[in-house]
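J.: The structure under discussion is supplied below as structure tokens; questions concerning it will follow.
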Amino acid sequence: MVAKTLRQQIEKLREEIRRHEYLYYVKNEPEISDYEFDQMMKQLAELERQHPEWVTPDSPTQRVGGTPATEFPTVRHAVPMLSLDNTYSLEELADWDRRVRELAGRSSVEYVAELKLDGLSMSLIYEDGVLVRGVTRGDGTQGEDVTANVKTIRSVPLRVASEGLARMGSPRRFEVRGEVIMTLESFRRANAEREAAGQPRFANPRNAAAGTMRQLDPKIVASRRLDMFLYFLFVEGRVPFAKHSEALEVLSLMGFKVNPHYRMISRFEALKDYLDEYETRREKLDYEIDGIVVKVNDTRLWDELGTTAKSPRWAIAYKYPARQATTRVLDIRAQVGRTGTLTPVADLEPVDLGGVTVSHATLHNMDEIERLGVKIGDTVLLQRAGEVIPQIVKVVRSAPDGRPFRMPSHCPVCGGDVRRAEGEVAYRCVNAACPAQLKESLLHFAGRRAMDIEGLGEALVDQLVDRGLVRDVADLYRLTPAQLTALERMGDKSAHNLLEQIAASKKVGLARLIYALGIRYVGERTAQFLAEHFGSLDKISKATQEELLAVEEVGPKIATSIVEFFAEKRNRAVLEKLRQAGLQFEQRAERKRLGKLAGKQFVLTGTLPHLSREEASRRIEEAGGRVTGSVSKRADYVVVGEDPGSKLDKARALGIPILSEADLLHLLK
């Protein structure tokens, strides 16, 4: 009986501390002094010390505990964390609004406008109402598990309030997403402490927050006093409410900190007023924002509007203009990016811009240089928006002896040919083994939709390339256990697992190998068509422009890119090494487009009762069919769910057969 009473006392004390944490860190309405709060925490810590068997993961004492981590495990996101398209133009924002309304088939759409917080995106997983995992955005597909660090953020509840959980139907597992930030007060305090310790100052709150979350010692993270605002809620990969605004309300009910400045807007004029209001008010906030995020409020439209490869079509970020400064261009050089694109970069006389010293600025491409008329020696107007690379706006004063810049004919890194495709502005190095683009090529090659080499992440790729162990994608198949175990954070087991993954990738089919090569404009769909049409990589490599144009959905731009890729002798050398490694250069019979739906074209519209858009598309394609985004005479079926929009009307007008989800499942049997 005594033990039961004591345990109830501990749990009651925890609940009281959670309530005060919420009032202080989320509502900013404290009821007790810091001293009184500290005394409650000390009392709980002492009781738990006496009874360690009663310590729970969601106890307030567990926010900072344990020894520092030695590394952050990589975790794949259940739903990709997409980035947002952004604009600085009201005209482009109006165009986006028009496209949304047209795609939705509605004269007006309600939006939720939210402040665009300048921080670090984070995903939190809860099970039975208790925080079990915190993961960084990473590359959008996978991120780093920083759970111990997330627990130090006082505004993040370790256990959510039951009222909000009940509003969702009390799911066993759910995910929330938001932005980890460092307030300006915490930023100033952190820099003062670093100066006193003789350490360099943080450049800005965003970098400070990002760097803090990657600290291996949670105690250091706790000392930086980070904060977090939440803005997304998912259950089984989907938003559990018909309105995004309702999800924000439920997040608040669960005890999460939701930015209070969001607003529901139905008219574009009202949206412009909101943008103007917070461009003025941003200076009075205790955290940095660099714009406004606009989201379609009706979440049932999200599937209907869909996504691009990187961004949702149902949301956009409007970014505020940056502060500006003038400086002189000392030099212009070509910088080779990870995709082989040569970008002119201006070296500048250092200048302070929004509290950051800037000495470089992008000039984007040769067309931009010609438009600006900028030469080496000119004085220019510079601007910086948020964390975007500073850019030159215009020439303020031309230097009498200014020197024009010319793009090199050979890559400054590897000496490979530099080419500019007809009708394009970008110059590119066509050597796939170019060190400047090798790291990105390796990450693409190892991707889940390409060769699916799990464990080959950015940190490991950096080491492999920087140490000269991998000079092209084919070198992955020559790695040894001894080479891998000599790398940082790579033990025997990790090395063994990675080598097994690399060996297993040799069985991947031809279409995915073609996609993995990273040929410009050749996506997964085009790679599948090429594999089906030619049947072997050798035939594709020898195909003429005319022969390539005979492949479905291959136009002149794609055909030219393929011919150029295989014309480069370095690329051919890499292919020969891949052949010797035993990769699949021939199309396997089971990879051909066979099945009950072979040759049939489908369009999906509306929200299906049970299948997500991605699941329905996958099952159709596995059965040999194809899924397109627009209704035309070539479509064989239109699959309709709830709130289908204008696509249903167009399908009826064209006489295209209409299917329900049940009809589709019957076809797939």
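FYI, it's all coordinate maths here, none of it is from the lab. The shown structure was predicted, so the numbers you read here are calculated from the model rather than taken from an experiment. When we count neighbours, we look across all protein chains shown, and the Cβ atoms used for this are built from the backbone with ideal geometry, even at glycine.
J.: Are there any trypsin sites (Lys or Arg not before Pro) in region 456-530 that are in a DSSP loop and have at most 15 other Cβ atoms within 10 Å? List them by number. Could the numbers behind the result be given before it?
T.: Details: sites: 467, 471, 478, 489, 493, 506, 507, 512, 520, 525; in loops: 467, 471, 489, 520.
Listed in order of number, the matching sites are 467, 471, 489.
J.: Ok, one more. Is there a pair in 295/557; 506/569; 219/310; 542/577 whose C-alpha atoms are over 27 Å apart, and which pairs would that be? Could the numbers behind the result be given before it?
T.: Details: 295/557 34 Å; 506/569 23 Å; 219/310 35 Å; 542/577 17 Å.
From 295/557; 506/569; 219/310; 542/577, over 27 Å: 295/557; 219/310.
J.: Take every Cα pair under 8 Å in region 430-592 that's 6+ residues apart, average their separations, divide by the length, and report that relative contact order as a whole percent.
T.: 27
J.: What's the whole-number percent of alpha carbon pairs in region 601-668 lying beyond 21 angstrom?
T.: Details: 287 of 2278 pairs.
Across region 601-668, Cα pairs with separations above 21 Å total 13 percent.
J.: Tell me, 290, 649 in order of fewest to most beta-carbon neighbours within 10 Å?
T.: Neighbour counts put them in this order, fewest first: 649, 290.
J.: Run the quick spin-label model on residue 550 and residue 167: label points 7 Å from Cα toward the beta carbon, then report their separation in nm to one decimal.
T.: 6.2
J.: Also, I was wondering about something else. Give the percent of DSSP beta bridges with both residues in the chain that are antiparallel, rounded to the nearest 5. Provide the component values of the computation, followed by the final result.
T.: On the way: 76 of 88 bridges.
Counting DSSP beta bridges with both partners in the chain, the antiparallel share is about 85 percent.
J.: Let me ask you something else. In nm², what is the average projected area of the convex hull enclosing the Cα atoms of the chain?
T.: Reported value for the Cα convex hull: 35.0 nm².
J.: Here is a further query. Quick one: compute a quarter of the convex hull surface over the Cα atoms of region 531-669 and quote it in nm².
T.: For the Cα atoms of region 531-669, the hull's average projected area reads 10.4 nm².
J.: Taking the chain as the reference, fit the longest principal axis to its C-alpha atoms, fit the long axis of helix 556-567 to the helix C-alpha atoms, and give the angle between the two in degrees, 0 to 90, nearest 10.
T.: In the chain, helix 556-567 runs at an angle near 80 degrees to the longest axis.
J.: Same structure again: Between residue 246 and residue 462, what is the spin-label point distance in nm, taking each point 7 Å from the Cα along the Cα→C-beta axis?
T.: It is 4.4 nm.
J.: For residue 420 and residue 239, what does the FRET efficiency come to when R0 = 41 Å and r is the distance between their Cβ atoms, rounded to the nearest 0.05? Before the final figure, lay out the partial values.
T.: On the way: r = 44 Å, r/R0 = 1.07.
Calculated transfer efficiency: 0.40.
J.: When a/c is below 1.5 the answer is rounded, else prolate if a/b is larger than b/c, else oblate, so apply that to region 114-219 with a ≥ b ≥ c taken from the square roots of the Cα gyration tensor eigenvalues. If you can, show how the numbers build up before the last one.
T.: Working: a/c = 2.20, a/b = 2.11, b/c = 1.05.
Since a/c reaches 1.5 and a/b is larger than b/c, the shape of region 114-219 is classed as prolate.
J.: Please figure out what share of the DSSP beta bridges in region 86-319 is antiparallel and state it in percent, rounded to the nearest 5.
T.: Approximately 95 percent, going by the DSSP bridge assignments.
J.: Over the chain, what is the mean sequence separation of C-alpha contacts under 8 Å (at least six apart), divided by residue count, expressed as relative contact order in percent?
T.: Details: 1172 pairs, mean separation 63.2, N = 669.
Once divided by the residue count of the chain, the mean separation gives 9 percent.
J.: How long is region 323-397 along each principal axis, judged by its Cα atoms, biggest number first, in Å?
T.: 32, 26, 18
J.: Take 256, 565 and order them by how many other Cβ atoms sit within 10 Å, fewest up front.
T.: The order, fewest Cβ neighbours first, is 565, 256.
J.: Can you compute the modelled spin-label distance between residue 323 and residue 5, with each label point 7 Å from Cα toward Cβ, in nm?
T.: My value for the distance between the label points is 6.3 nm.
J.: Continuing with this model, one more query. If you stretched the chain out fully between residue 333 and residue 492, how much longer would it get, using 0.36 nm times the residue separation minus the C-alpha to C-alpha distance?
T.: Going from the current span to full extension adds 52.9 nm.
J.: For a paramagnetic label modelled at 7 Å from the Cα of residue 665 toward its Cβ, which residues of region 605-623 fall within the zone defined by backbone nitrogen distances under 11 Å?
T.: So the set is 609-611.
J.: Any chance you could get the radius of gyration and Dmax over the Cα atoms of region 430-592, in Å?
T.: 15.9, 51
J.: Continuing with the same structure: If the convex hull of the alpha-carbon atoms of region 89-139 is projected onto planes in all directions, what is the mean projected area in square nanometres? Don't jump to the answer; show the numbers that get you there.
T.: On the way: hull surface 26.0 nm².
The directionally averaged projection comes out at 6.5 nm².
J.: Rank these for me by crowding, 263, 98, going from fewest to most other beta carbons within 10 Å.
T.: Ranked by crowding around the Cβ, least crowded first: 98, 263.
J.: Over region 124-282, what is the relative contact order in whole percent, taking alpha-carbon pairs under 8 Å and six or more residues apart?
T.: 26
J.: Then there is this: Nearest 10 degrees, 0 to 90: what angle lies between the long axis of helix 435-445 and the longest principal axis of the chain (Cα atoms)?
T.: For helix 435-445, the angle is close to 80 degrees.
J.: Here is a follow-up. Can you give me the angle between helix 2-21 and the longest principal axis of the chain, using Cα atoms only, in degrees from 0 to 90, rounded to the nearest 10?
T.: Long axis of 2-21 versus the principal axis of the chain: about 60 degrees.
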